[in-house]
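The values are calculated or read from the model by the stated rules, or taken from the named source; none is laboratory data. What you are looking at is a predicted structure, and each value in this text was computed from that prediction instead of being measured. Neighbour counts run over all protein chains shown; Cβ positions are idealised from the backbone, glycine included. Each accessible area value is taken on the protein alone, full model and side chains, heavy atoms only, with ligands, DNA and RNA left out. Shrake-Rupley method; radii C 1.70, N 1.55, O 1.52, S 1.80 Å.
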Amino acid sequence: MPTTSTPTHCPYCALQCGMALSPLPTGGVEVVERPDFPVNRGALCGKGRTAPAVLSSRVRLTTPLVRSGGSLVPATWEEALDRIAAEFGRLRAEHGADTLGVFGGGGLTNEKAYALGKFARVVLGTSQIDYNGRFCMSSAAAAGIKAFGLDRGLPFPLEDIPRTGCVILVGSNLAETMPPALRFFNELRENGGTLVVIDPRRTKTAEQADLHLAPRPGTDLALALGLLHLIVAEGRVDEEYVRERTTGWEDARAAAMAHWPEYVERITGVSVPELRETVRLFCEPEAAMVLTARGPEQQSKGTDTVGAWINLCLATGRAGRPLSGYGCLTGQGNGQGGREHGQKADQLPGYRKLDDPAARRHVAEVWGVDPDSLPGPGRSAYELLDALGSDVRSLLLMGSNPVVSAPRAAHIEERIRSLEFLAVCDVVLSETAALADVVLPVTQWAEETGTTTSLEGRVLLRRRALTAPEGVRSDLEVLHELAARLGVEKGFPTEPEEVFEELRRASAGGVADYSGISYDRLAEGNGAGLFWPCPAETEAAPEPGAEARAQGGEGDGPQGLEGDGRPGLEGDGRPGLEGDGPQGLEGDGRPGLEGDGRPAGTPRLFLDRFATEDGRARFVPVSHRPAAEEPDDDYPVLLTTGRVVAQYQSGAQTRRVDELNAAAPGPFVELHPRLAARLGAAEGDPLAVVSRRGRAVAPARITTGIRPDTVFMPFHWPGEGRVNTLTNPALDPTSRMPEFKVCAVRVEIAD
Ligand SMILES: Nc1nc2c(c(=O)[nH]1)N[C@H]1C(S)=C(S)[C@@H](COP(=O)(O)OP(=O)(O)OC[C@H]3O[C@@H](n4cnc5c(=O)[nH]c(N)nc54)[C@H](O)[C@@H]3O)O[C@H]1N2
Ligand SMILES: Nc1nc2c(c(=O)[nH]1)N[C@H]1C(S)=C(S)[C@@H](COP(=O)(O)OP(=O)(O)OC[C@H]3O[C@@H](n4cnc5c(=O)[nH]c(N)nc54)[C@H](O)[C@@H]3O)O[C@H]1N2
Ligand code: SF4
Ligand SMILES: [Mo]
């Protein structure tokens, strides 16, 4: 094992902050700053700083567990693996492959996500695989594909933010969810740019804003339409851009014109002068951006909502131009890569479509199987969880804790309990693992090597920095062993680099093309990574000025990407941005170039053309519609949910860290003093929040920083305070994203 410090990345969120791990004389590692990594420049939030605490075996699972006589008891690896293989084999023989479910996670490395998708299709032969990213950014992904023909969270690096003129941040509380990223927005403001934050709560992020709009939860779609209406009415449309670079404007314009500002004010609670001021801040500078996060996306109309924000960018010529664009702030550590390599219900590696015959042929060839043997698309995450115990009789779970994080969680917990067989790979005994028939203890970030793709589309190398505790094995080893037991001896290597080499080939020619990326390239220089698409020909250093040409074009790209191969490559990945990049793109020496002049993949997308067949971005005509559940006499208050800085997701990992628990010990109900007065509630009083799906209890936290018609709860805790007991699984029709961000509740003092 390394005796000096190892450069690597944080295990948690999509910012993928660089850090180094230094061995301690007493064993274990400590986190050391890595100021040379350009994104966070050494800064870390408390979760990243304390991440090594979860490595210690005190909080770890270090032996497989098998259910026996109603309880989980220690077992050998052989027993545990044999049991899983036997159960999967039996259920498949008796009931068919589609009764075997697989659920993955956006925290898994690219290698694991790839291997898991391949395992489901090739070893189990099931279509029933999906993952928690469906709960995360799937609406933004769907809207991005519709409009631009391609989904990469940010089409530009974060370093562009300080140099744009205005950023509208919709439903992101990044001061708590990605604290080191706040720097880019502070720099924006220091440079004279402005920040508009849209959030029903006056969050830490909203406090940094020049303008904070606090709409009623679930009304972002109307808000964006109202802004577009004003943009048209005030003559601020970039007609030339619309003509040359887009299609579908007339229908989108007509839809927006039906959303009068006064009507929008009534729906959203945002005043007409605030709408006008937002338009002014957004339209006056030469460049501007819209960034969305979970606020507008986790809605039953999330795809249309993001579409409306993209329309705003397109109408004003603020997409596919330097320092302008729409982006989604992806959430999980590998939330980007995790959605590209095949653990999604409808997907094959390289962001290919499972129902595309050419894509099936390409991937089947890499996998050495008959294309016809690959199953078709399966169910989306919530629908899969909802089918447990009925159509889907067993589940292999890797990288998620749905008992805490799924919507309508009491129902989902009951579905999980009704499974014939549940196998969970985890590092700790999560609330879901505790229900399993077999639990396999696996290695984590610092004990294994792998790649992740950050919210910028930057592929990074996470390196092994210490030896795993005795008794644990990697997820890749688990898949290898299970495959062998189920009759597939080859194709599931345990070395991450070997898996990556195959992933490269499987992704080649796809939308998310990693074929030009290698561990060696990722390890070079300061380890700043490579942006996809990064096709193989960029590996051999091209002549400066040469274009990174799209290769292949076998016609297997989904979403009309075929034509000339992958659009979006020309121009934005090539050296020579200097000339045409206004506003200081030059400055720091051509962004996106590695030391030796090779392009670092494609940091900036769409500068010359969008990834659609005709190269134009597509407006989508969208209209306001209410949330799936609106308040009424019985449930008169709106509930929204989200995060706090010191806990991560279902809390499976961070609730094991003393320092983080001290900072965020448990759930709470944030409410306005007026609502508190109506209930007769004082700070800290236990409140019962009741929805049509259940009841949760947590102490009151009274603040003027929230709308009086809304309460907020974080979702990091199980048990009585589990907010997902309340949430509404109404799904977006396109992305199948559940409506985590709005449902109707009644609030009472708990007795
Ligand atoms: N500390 C911490 N950091 C994390 C995570 C974590 O669990 N903890 N998780 C990571 C992951 S996977 C993700 S996806 C990201 C999420 O990052 P964010 O999207 O920033 O996180 P959230 O708190 O879910 O939601 C952001 C904001 O949306 C607001 N909101 C609620 N309803 C609405 C609405 O209807 N409209 C609008 N405009 N806003 C609304 C909430 O008040 C909240 O402040 O964070 C990542 N980083
Ligand atoms: N109410 C409400 N609910 C939400 C949200 C919300 O805003 N509001 N947000 C949603 C979003 S955006 C997300 S992303 C989900 C996240 O919620 P979950 O999917 O539950 O995510 P985590 O809590 O990160 O769960 C990851 C699990 O995998 C384990 N793990 C970590 N790394 C590895 C690994 O490498 N291998 C294996 N085998 N296991 C590993 C962890 O210990 C943990 O138990 O929650 C969703 N739920
Ligand atoms: S911001 Fe995200 S990546 Fe950075 S240290 Fe915190 S959790 Fe880790
Ligand atoms: Mo997420």
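Which of the following residues is modelled with pLDDT of 95 or more, open to solvent by 20 Å² or more (accessible area, probe 1.4 Å) and in the same structural domain as N110 (by TED's automatic domain parsing): H362, H341? Can you show your working first?
Numbers: H341 fails: open to solvent by 20 Å² or more (accessible area, probe 1.4 Å).
That would be H362, the only listed residue that is modelled with pLDDT of 95 or more, open to solvent by 20 Å² or more (accessible area, probe 1.4 Å) and in the same structural domain as N110 (by TED's automatic domain parsing).
From the list R746, R701, R736, R693, the lone residue that is out of contact with any helix residue (DSSP H, G or I) (no Cβ under 9 Å at 6 or more places or on another chain) and more than 14 Å from ligand 1 (Cβ to nearest atom) is R746.
Look at A468 and say whether it is among the small types (G, A, S), in a loop (DSSP other than H, G, I, E, B), free of Cβ contacts under 8 Å to residues at least 40 places away in the same chain and in contact with an Asp or Glu (Cβ under 8 Å, 6 or more places away or on another chain). Full working, then the answer.
Working: among the small types (G, A, S): yes; in a loop (DSSP other than H, G, I, E, B): yes; free of Cβ contacts under 8 Å to residues at least 40 places away in the same chain: yes; in contact with an Asp or Glu (Cβ under 8 Å, 6 or more places away or on another chain): yes.
So A468 passes the test.
Select, from R245, R266, the only residue that is open to solvent by 60 Å² or more (accessible area, probe 1.4 Å) and either touching a Leu at 6+ places or on another chain (Cβ under 9 Å) or among the basic types (K, R) (or both). It would help to see each step written out before you state the result.
Details: R245 fails: open to solvent by 60 Å² or more (accessible area, probe 1.4 Å).
Within the list R245, R266, the selection yields R266.
If a residue counts only when it is within 16 Å of ligand 1 (Cβ to nearest atom), which helices (runs of 4 or more DSSP H) contained entirely in the range 231-346 have at least 2 such residues?
Working: elements: 239-245, 249-257, 261-268, 272-283, 294-297, 302-315.
Hits in the range 231-346: 261-268, 272-283, 294-297, 302-315.
Scanning the range 249-289 for residues that are within 31 Å of the chain's Cα centre (by Cα), aromatic (F, W, Y) and more than 25 Å from G193 (Cα to Cα) gives a single hit, W249. Here R90 fits the description: of a type in the set (K, R) and away from ligand 4 (no atom under 16 Å from the Cβ). When each of R361, R379, R415 is tested for being closer than 28 Å to V442 by Cβ, in a helix (DSSP H, G or I) and of a type in the set (K, R), the lone residue that passes is R415. Of the residues making up the range 194-213, those that are buried (at least 21 other Cβ atoms within 10 Å of the Cβ) and in a loop (DSSP other than H, G, I, E, B) are D199, P200, T203, T205, A209. Pick from the range 428-441 the residues that are under 24 Å from the mean Cα position of the chain (by Cα) and surrounded by 24 or more Cβ atoms within 10 Å (Cβ to Cβ): which of them is nearest to ligand 3 (Cβ to nearest atom)? Filtering first and then ranking leaves S430.
Condition check ((1) touching an Asp or Glu at 6+ places or on another chain (Cβ under 8 Å); (2) without any contact (Cβ under 8 Å) to a residue 12 or more places away in the chain; (3) within 15 Å of ligand 1 (Cβ to nearest atom)) across all residues:
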| residue | (1), (2), (3) |
| --- | --- |
| F119 | no, no, no |
| S139 | yes, no, yes |
| L174 | no, no, yes |
| L188 | no, no, no |
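Residues to consider are G89, G107; find the one that is among the small types (G, A, S), part of a loop (DSSP other than H, G, I, E, B) and in contact (Cβ under 8 Å) with a residue 40 or more places away in the chain.
When all the criteria are applied, what remains is G107.
For the range 487-497, residues that are surrounded by 18 or more Cβ atoms within 10 Å (Cβ to Cβ) and over 31 Å from the mean Cα position of the chain (by Cα) total 1.
From T62, T50, T6, which residue is within 16 Å of ligand 1 (Cβ to nearest atom) and of a type in the set (V, I, T)?
Working: T62 fails: within 16 Å of ligand 1 (Cβ to nearest atom); T6 fails: within 16 Å of ligand 1 (Cβ to nearest atom).
Answer to the check: T50.
Please verify whether the range 173-192 includes one or more residues that are in a loop (DSSP other than H, G, I, E, B), at negative phi, away from ligand 4 (no atom under 16 Å from the Cβ) and open to solvent by less than 40 Å² (accessible area, probe 1.4 Å). Looking for residues that are in a loop (DSSP other than H, G, I, E, B), at negative phi, away from ligand 4 (no atom under 16 Å from the Cβ) and open to solvent by less than 40 Å² (accessible area, probe 1.4 Å), one finds none in the range 173-192, hence no.
Would you be able to say whether some residue in the range 366-379 is on the phi > 0 side of the Ramachandran plot and aromatic (F, W, Y)?
Here is the first cut: in the range 366-379, the residues on the phi > 0 side of the Ramachandran plot are 368.
Now restrict to residues that are aromatic (F, W, Y): none.
Checked the range 366-379: no residue is on the phi > 0 side of the Ramachandran plot and aromatic (F, W, Y).
With the condition kept exactly as written, say whether any residue in the range 436-455 is outside the structural domain of H716 (by TED's automatic domain parsing), small (G, A, S) and under 23 Å from G721 (Cα atoms). Can you show your working first?
Within the range 436-455, the first condition is being outside the structural domain of H716 (by TED's automatic domain parsing), and the residues that meet it are 436-455.
Next, only the ones that are small (G, A, S) stay: 436, 446, 450, 454.
Keeping just the survivors that are under 23 Å from G721 (Cα atoms) gives 436.
For the range 436-455, residues outside the structural domain of H716 (by TED's automatic domain parsing), small (G, A, S) and under 23 Å from G721 (Cα atoms): present.
When the range 597-626 is limited to residues that are out of contact with any helix residue (DSSP H, G or I) (no Cβ under 8 Å at 6 or more places or on another chain) and over 21 Å from L323 (Cβ atoms), the one that is modelled with the lowest pLDDT turns out to be G597. Could you please let me know if T452 is surrounded by fewer than 20 Cβ atoms within 10 Å (Cβ to Cβ) and touching a Leu at 6+ places or on another chain (Cβ under 6 Å)? Against the criterion (surrounded by fewer than 20 Cβ atoms within 10 Å (Cβ to Cβ) and touching a Leu at 6+ places or on another chain (Cβ under 6 Å)), T452 does not qualify. What about V690, is it β-branched (V, I, T), closer than 30 Å to A315 by Cα and open to solvent by less than 60 Å² (accessible area, probe 1.4 Å)? The answer is no for V690.
So if I check each of G149, G133, G117, which one is farther than 28 Å from G269 by Cβ and touching a Lys or Arg at 6+ places or on another chain (Cβ under 6 Å)? Talk me through it step by step, then tell me what you get.
Numbers: G149 fails: touching a Lys or Arg at 6+ places or on another chain (Cβ under 6 Å); G117 fails: touching a Lys or Arg at 6+ places or on another chain (Cβ under 6 Å).
None of the other options fit; the residue is G133.
Restricting N311, N334 to residues that are among the polar types (S, T, N, Q) and in contact with a Pro (Cβ under 9 Å, 6 or more places away or on another chain) narrows the list to N311.
Being closer than 30 Å to A147 by Cβ and buried (at least 22 other Cβ atoms within 10 Å of the Cβ) is the filter here, so list the residues in the range 713-730 that pass it.
Of the range 713-730, the ones closer than 30 Å to A147 by Cβ are 715, 727-730.
Matches in the range 713-730: F715, T727, N728, P729.
Does any residue of the range 682-690 turn out to be of a type in the set (G, A, S) and part of a helix (DSSP H, G or I)? First the steps, then the outcome.
Initial filter on the range 682-690 (of a type in the set (G, A, S)): 682, 684, 688.
Checking which are part of a helix (DSSP H, G or I) leaves us with none.
No, the range 682-690 has no match at all.
Inside the range 92-104, residues that are surrounded by fewer than 20 Cβ atoms within 10 Å (Cβ to Cβ) and either without any contact (Cβ under 8 Å) to a residue 24 or more places away in the chain or outside any helix (DSSP H, G or I) (or both) make up a count of 3. Restricting attention to the range 301-324, the residues being open to solvent by 10 Å² or more (accessible area, probe 1.4 Å) and under 25 Å from P733 (Cα atoms) number 1.
Per-residue answers, yes or no, for (1) of a type in the set (D, E); (2) within 15 Å of L329 (Cβ to Cβ); (3) surrounded by 24 or more Cβ atoms within 10 Å (Cβ to Cβ); (4) at pLDDT 95 or above:
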position: Y114; (1), (2), (3), (4): no, no, yes, yes
position: F119; (1), (2), (3), (4): no, no, yes, yes
position: S127; (1), (2), (3), (4): no, no, no, yes
position: D130; (1), (2), (3), (4): yes, no, yes, yes
position: A140; (1), (2), (3), (4): no, yes, yes, yes
position: G144; (1), (2), (3), (4): no, yes, yes, yes
position: G149; (1), (2), (3), (4): no, no, yes, yes
position: R152; (1), (2), (3), (4): no, yes, yes, yes
position: P155; (1), (2), (3), (4): no, yes, yes, yes
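The strands (runs of 3 or more DSSP E) falling completely within the range 1-77 include none with 3 or more residues that are within 16 Å of ligand 4 (Cβ to nearest atom), among the aliphatic types (A, V, I, L, M) and open to solvent by 50 Å² or more (accessible area, probe 1.4 Å).
Give A51, A20 a once-over and let me know the one that is within 12 Å of ligand 3 (Cβ to nearest atom) and either at pLDDT 95 or above or under 24 Å from the mean Cα position of the chain (by Cα) (or both).
Values: A20 fails: within 12 Å of ligand 3 (Cβ to nearest atom).
Among A51, A20, only A51 is within 12 Å of ligand 3 (Cβ to nearest atom) and either at pLDDT 95 or above or under 24 Å from the mean Cα position of the chain (by Cα) (or both).
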